[in-house]
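Here's the structure we're looking at; comments come further down.
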Amino acid sequence: RWAVLPPYEAPPSLPEGAAPLAAHVEAPAVLARRLALVGLVPDDATAARLQTMLFPGQRLVTAAGGLWRWDGFVAGADAPQAAALHLEQRNRLDLLEKERQTAAERLASAQSAHDEAEQHAAAVQSEEAKLRAGRSEAEAALAAAQEARHEAREIAGRQASRRAALSERIEQLERDLADARKQRERIAAAIAELPDTGALEAERDALRARVETCRRALADARAAYDLRRREAEARRQRLETLSAEEDAWRLRHRRAEEQLAALGTRCDTAEREMASLSASPEDIEDKRQKLADEIAAAEAARREAADDLAALESAVAEKDKAARARQEALAAAREDRARAEAGLEGARARMIELETTSKERFRCAPPAVLDLVEIESADDLPPLEELERRLDRYRAERERLGAVNLRADEELEEIAAQLEHLAGEKRDLEAAIQRLRQAISSLNREGRERLLVAFDAVNAHFGTLFKSLFGGGEAHLELVDSDDPLDAGIEIMASPPGKRLQSLSLLSGGEQALTALSLIFAVFMTNPAPICVLDEVDAPLDEANVERFCDLLDEMIRNARTRFLVVTHNEVTMARMHRLFGVTMAERGVSQLVSVDLERAETLVAAQ
């Protein structure tokens, strides 16, 4: 509806050359504001020229029916009506429907040709897969042959390297033997030149006896000195204790005197108070009686006030309860009124929406819709649920139809080209996947073979080293948890002499340490490394096992030519090393690095 508003007080003036439309037409007062902003021009050229001068809300019209608005919208006098446009669109839709059917037939034939092409391509791919499988088998056989040749070359290379190493070792041993022979000759000559050893031995025995006597005397003197030093330290500590106790007793004596003086003062004060209080017992009794009477009266007044307060509190509680009930009823009434007003507003809004929808869709008021659909009364209408279902179905069918696509043929060609391109890419991807799977299978097969070869070599060395360290027994490695070596775990099984075969975790600490050393050195023998660092590996071992550990180190040095750096505090292990590195503190707070070459020291001792 149109609301009646007063005319503009100062409406924007129309451009020069446009006459107000209100002077030429008669209309209700409700349209005064609209007509005040509409100008009449003689022709279209004038309207086009003046359109840029319009203010917001203004528009120009011609007698023929043309319209020019301030926002740039233009409607010619000969512009088609909505009904004509609707009819033209329906004709266009029928034409496009026929074209769509033709395109569907062409698509079906193209799809049939595409299916035949796919079947042919599948047959070609199957044949190609068979050929590729044959080629893969040939490549696998070739790879196996190349691997065997490579392993043979590696074995030959290792044998040649070992032969060269053995040759160098033999030459070194021959040189060492020649040096040892020369040294033996020098030692024999030096022994021959030595004087008679009988007197030297007698003198040496005498000196040893004298040194032993001096050592005992020094030990006795040190023991006596330590005893005197401990006694002096005990006396000094005793004197310090006595001095501290003396100071404590003096402090306690001073505090006791101060407390006695304070107690004397308090006794004098108490005596004076007792003297002053003994003169007035009767006055105190009277005051006490008066206070007791006042307390009783106050207690009675308190009880009466408490009774009155309780009665008032119960009355207030009843009033509060009634007030709360009335407030709740008032709140409920307000809520009902608010719901009713909201329902009324919703109904009004729904009515306005229905009127707007009716005018937009059916171009008439809601009561005239029945005449439009040729229904005499509202009683003849189908049920609302059926109408809603039909409306939803029609809307869904319209949505499925969608907009008219004028590029259907071109898009079909583009989609066919994309389909062909994607099919080619699919074939390439399948071929690449097949090659990748073959490569993965080849790598897994080669990895299993190499892993098994390395596992067997380490297992053999492990068993040998275990027997060497323990002086017997049996040990081996097992693949567990899977039949595939790449996914399987490794279990260490060991049987020291006199014990049954069991897992590593069930052995003692020393046995676990020796077994672990056997496994580490087995790996080193399979693939030797130039340097190995061992940190406190002999800590859980006893003296006999430490000797076996050192013998194993010597054997590894000879066979694997590996240099070992051992971190240890064990004297036996340090005595078997070639060179020692350590830190000493000759002065308090000053550390110094010490290095001792035991081989050179033995040579110097032998030379002396």
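The values are calculated or read from the model by the stated rules, or taken from the named source; none is laboratory data. Since the model is a prediction, treat every value here as computed from it, not as a measurement. Cβ coordinates were reconstructed from backbone atoms using ideal geometry, including for glycine residues, and neighbour counts include every protein chain displayed. In case anyone asks, the SASA skips ligands and DNA or RNA and just uses the protein heavy atoms, side chains included. Shrake-Rupley method; radii C 1.70, N 1.55, O 1.52, S 1.80 Å.
Sort His24, His578, His476 by accessible area with a 1.4 Å probe, largest first.
Working: His24 115, His578 85, His476 45 Å².
Output order, biggest surface exposure first: His24, His578, His476.
Considering the dipole of the chain built from charges on the beta carbon (Lys and Arg +1, Asp and Glu -1) around the Cα centre, which of Phe466, Leu429, Pro12 is farthest to its positive end? Working it through, the farthest residue towards the positive pole turns out to be Phe466. Here the label points at Leu96 and Thr52, each 7 Å from Cα along the C-beta direction, are separated by 3.8 nm in the simple model.
Counting only heavy atoms of the protein chains, get the accessible area per residue of the chain (1.4 Å probe) and round it to a whole Å² value. Provide the component values of the computation, followed by the final result.
Values: 47420 Å² over 608 residues.
Each residue of the chain exposes 78 Å² on average to a 1.4 Å probe.
Taking label points 7 Å from Cα along the Cα-to-Cβ direction, Leu384 and Ala180 give a separation of 11.8 nm. Residues Ser112, Ser518, sorted by accessible area with the largest first, give Ser112, Ser518 [1.4 Å probe; ligands and nucleic acids excluded]. Of the solvent-accessible surface of the chain, computed with a 1.4 Å probe and all protein chains present, 56% belongs to carbon and sulfur. Each part reduced to its alpha carbon centroid, the range 381-400 and the range 304-368 end up 37 Å apart. Arg153 to Arg588: FRET efficiency via 1/(1 + (r/R0)^6), r the Cβ-Cβ distance, R0 51 Å, to the nearest 0.05? Once the sixth-power term is evaluated, E becomes 0.20.
State the antiparallel share, in %, of DSSP beta bridges confined to the chain, rounding to the nearest 5. Working shown, then result.
Numbers: 23 of 31 bridges.
Just about 75 percent of them are antiparallel.
Full extension of the chain segment joining Glu602 with Arg236 gains 126.7 nm, where the gain is 0.36 nm per residue of separation less the Cα-Cα distance. Note on Glu397 and Ala122: the extension gain reaches 95.1 nm, defined as 0.36 nm multiplied by sequence separation minus the Cα-Cα distance. A Cβ-based charge dipole, computed about the Cα centre of the range 550-592 with Lys and Arg at +1 and Asp and Glu at -1, lands at about 180 debye.
Whole-Hz Karplus values for the range 390-396 come out as 5, 5, 4, 5, 5, 5, 5 Hz, taken residue by residue from phi with 6.51 cos²θ - 1.76 cosθ + 1.60 and θ = phi - 60°; glycine and proline positions read x. 3J(HN,Hα) along the range 471-476: x, x, x, 8, 8, 7 Hz, from the Karplus curve 6.51 cos²θ - 1.76 cosθ + 1.60 with θ = phi - 60°, whole Hz, x for Gly and Pro. When the trypsin sites (Lys or Arg not before Pro) in the range 222-262 are filtered for DSSP coil states and for at most 10 other beta-carbon atoms within 10 Å of their beta-carbon, no site remains. Where in the range 322-364 does the label zone of Phe73 land, with the point 7 angstrom along Cα→C-beta and an amide N cut-off under 18 Å? So the set is 356-357, 359-361, 363. Summing Cβ point charges (Lys, Arg +1; Asp, Glu -1) relative to the Cα centre of the chain gives a dipole of roughly 2080 debye.
By a 1.4 Å probe calculation restricted to protein chains, Glu345 has an accessible surface near 100 Å², given to the nearest 10.
Extension gain Val523-Arg250, at 0.36 nm per residue separation less the Cα-Cα distance, in nm? Could the numbers behind the result be given before it?
Details: separation 273, 0.36 × 273 = 98.28 nm, distance 7.86 nm.
Here the answer is 90.4 nm.
Calculated FRET efficiency, Leu436 to Ala145, Cβ-Cβ distance, R0 = 22 Å: about 0.45 to the nearest 0.05.
Placing pseudo-labels 7 Å out from each Cα toward the beta carbon at Phe581 and Ala10 gives an inter-label distance of 10.1 nm. A cut-off of 5 Å between modelled amide H atoms, ignoring neighbours fewer than 5 places along the same chain, links Val566 with Leu534.
Determine the dipole magnitude for the range 464-608: charges of +1 sit on the beta-carbon of Lys and Arg, -1 on that of Asp and Glu, nothing else is charged, the reference point is the Cα centre, and the result goes in debye to the nearest 20. Please list the in-between numbers first.
Details: 11 positive and 22 negative charges, 110 e Å.
I would put it at about 520 debye.
Only one of (1) -0.60, -0.93; (2) -1.01, -1.33; (3) -0.76, -0.99 was calculated from the structure for log10 I(q)/I(0) by the Debye sum over Cα atoms at q = 0.08, 0.10 Å⁻¹, and its label is (2).
Let me have the 222 nm mean residue ellipticity of the chain computed from DSSP H runs of 4+ only, each contributing -39500 (n - 2.57), with the sum over all residues rounded to the nearest 500. Intermediate results must be reported in sequence, preceding the final value.
Numbers: 12 runs with 424 residues, N = 608.
Using -39500 (n - 2.57) per qualifying helix, the result is -25500 deg cm²/dmol.
Simple rule: put +1 on each Lys or Arg Cβ and -1 on each Asp or Glu Cβ in the range 1-133, find the dipole, and look at Ala22, Gln119, Leu107; the Cα lying farthest toward the positive end is Ala22.
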